[in-house]
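First up is the structure itself, then whatever we jot down about it.
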Amino acid sequence: MFFKFAKATNDYQIPTVSVPTVTSSPGGATAIVTLEQEQINVRSGPNTNYPVVGVLIAGQRIPAIGRSIGGDWVQIVYPGVPGGVAWVYSPLVIIEGSLPLVEPPPTPTPKTTPTIDPTLAAQFIVEVPPTRLPTFTAPPPLIIPTHEAIELNQPLRNIPMGLIVIGLGIIGLFGVLISFLQGR
């Protein structure tokens, strides 16, 4: 395969008037879709309750008109929809320029209003039959333990306890004295 290249000629038309040059960017803010997602939804209003009217792809630039009161949504120029404007979620776009606050459109009405079928709801109503209240049962009578009377005639009970302690202490001292004397 061979390509034939034509020789460039200098047959350009020279303008006879001054040609304006573009020295600035177009006016207004621009929204650029971030590269984090392949595409983002474009909605008819600033909320997920509004229907999706289209998509934007990653890196796409689109003119931005304004932002919602909370700043979560950005209004963009989107031809092909009623009014020519739509909304995108602001964390998914990068805004170049400043945006004024704009009034959002009215909240859409749902296509169907959820209602409850009374005959269906009646099937799930459960009536609990009344029960008897718990009755009070008196506790059994309190039994207080009693001790048997101790007879004072027993021979060991006649010796005072202090005398027994003193006697055992004397025997212990006597044992210590014997051990001390054997150790010399």
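Values computed for the structure shown
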quantity: Residues (under 21 Å from residue 36 (Cα atoms) and under 29 Å from the mean Cα position of the chain (by Cα)) located in segment 86-122; calculated: 87, 88, 89, 90, 91, 92, 93, 94, 95
quantity: Filter result for residue 91 (under 18 Å from residue 52 (Cβ atoms) and modelled with pLDDT under 90); calculated: no
quantity: Filter result (under 11 Å from residue 45 (Cα atoms) and free of Cβ contacts under 8 Å to residues at least 12 places away in the same chain) within segment 63-105; calculated: 103
quantity: Tally, over segment 28-77, of residues that are assigned to a strand (DSSP E or B), closer than 18 Å to residue 106 by Cα and of a type in the set (Gly, Ala, Ser); calculated: 1
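The values are calculated or read from the model by the stated rules, or taken from the named source; none is laboratory data. As the structure is a computational prediction, the values presented were derived from the model and not from experiment. Don't worry about glycine lacking a Cβ; one is built from the backbone with ideal geometry, like all the others, and counts go over all protein chains shown.
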